[in-house]
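Worksheet for the structure shown next.
The values are calculated or read from the model by the stated rules, or taken from the named source; none is laboratory data. These numbers come from a predicted model, not from an experiment. As a convention, Cβ positions derive from the backbone with ideal geometry for all residues, glycine included, and neighbour counts pool all protein chains shown. In case anyone asks, the SASA skips ligands and DNA or RNA and just uses the protein heavy atoms, side chains included. Shrake-Rupley method; radii C 1.70, N 1.55, O 1.52, S 1.80 Å.
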Amino acid sequence: MRVALITHQAPGDTFWDIVRSGAEASAERNNIDLLYSSDPEASGQALLVSQAIEQNVDGIVVTLATPEAMSSAVQDALAADIPVYSINAGEDEYAEMGVLAHFGQNEYIAGQAVGEQLNEEGSDRAICVIQEQGHVGLEARCEGLADTYDGQSEVVYVNGQDMTNVASTITSSLQTNSDIDFVVALGAPFGMTAIDSVADAGSDAQVATTDVSGDVYNAIRDGDMAFASDQQPWLQGYSSIEAVRLYDSGGYILGGGQAVLTGPAVITPENLDTVAAQFEDGADSDSDEDEQAPDDEDEG
């Protein structure tokens, strides 16, 4: 089998390296030829789907961060009798587009979990930093945060493909509003940048982020970051490729048409040890041993 995994990964965004690692582990285990490609621009991502169709792959896994821009390409794949699956973004849109299954977290619920944790931290005013304007999942996270948060929240937009812009925008917000006590980033690299921005602004604000990386693990462990919300990206990659194999082997559909949730889980210093196995000395592990799925006897 040949399966195409097409994401909206931007250069330097290590979150997608974890997704890809999970997909590669499933592909290796199932003797699948995995074709990975990415483009942060919706038009470029749609073009990659068209190229996968031309390659006559046996399945396509795609992110739907901008579903309206991806709809035509997805319909072309379905018309070519290629099953399509979505991961990470597009939970509200995948079914009506004809996508067989979706793997990811409910972004609104993930935002609600962050808002509740901010309450636990005693926060009164927070900014929710969106690195890609128009990304339905990121917008939903900030909306969910505002729903459960007892304090005052504000959305701040940055250019996620320009870390200088990310840093300067966060710094400016902190300098303009000295009563901001929490910066919530929506991705591991942006969370790490936010730590530097807080220092540059001379602010006492704390930092939280969605998504866990080796750097985020270290930052929480060392007290530089208060908490993170984990959506288990490795599992998203692994499960989606497994879903393609299962459908091909017997028409099995994981989730039975419902979204398969992989998160969220709030990671704090108190429960940091629960994710320690994903990291080696606080860094993302890419060893063959660590990329293997659990032995059959250990699976639920």
Which residue is surrounded by the fewest Cβ atoms within 10 Å (Cβ to Cβ), if the candidates are limited to region 98-127 and must be under 22 Å from residue 236 (Cβ atoms) and without any contact (Cβ under 8 Å) to a residue 60 or more places away in the chain?
98
Which of the residues belonging to region 144-177 are over 24 Å from residue 9 (Cβ atoms) and out of contact with any Ser or Thr (no Cβ under 7 Å at 6 or more places or on another chain)?
147, 148, 149, 150, 152, 153, 154, 172, 173, 175, 176, 177
Filter region 100-140 for residues that are over 21 Å from residue 197 (Cα atoms) and touching a helix residue (DSSP H, G or I) at 6+ places or on another chain (Cβ under 6 Å) and give the result.
101, 103, 104, 107, 108, 110, 111, 112, 115, 116, 137, 140
Among the residues of region 211-230, write down those that are in contact with a Phe, Trp or Tyr (Cβ under 9 Å, 6 or more places away or on another chain) and either assigned to a helix (DSSP H, G or I) or of a type outside the set (Gly, Ala, Ser) (or both).
211, 212, 214, 217, 218, 220
Regarding region 145-152, can at least one residue be identified that is in a helix (DSSP H, G or I), touching a residue at least 40 places away in the same chain (Cβ under 8 Å) and surrounded by fewer than 24 Cβ atoms within 10 Å (Cβ to Cβ)?
no
If residue 172 meets every condition in (1) open to solvent by 30 Å² or more (accessible area, probe 1.4 Å); (2) assigned to a loop (DSSP other than H, G, I, E, B) apart from one, which number is that one?
(2)
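From the list 195, 180, 241, which one is open to solvent by less than 40 Å² (accessible area, probe 1.4 Å) and in a loop (DSSP other than H, G, I, E, B)?
Numbers: 195 fails: in a loop (DSSP other than H, G, I, E, B); 241 fails: in a loop (DSSP other than H, G, I, E, B).
The conditions single out 180.
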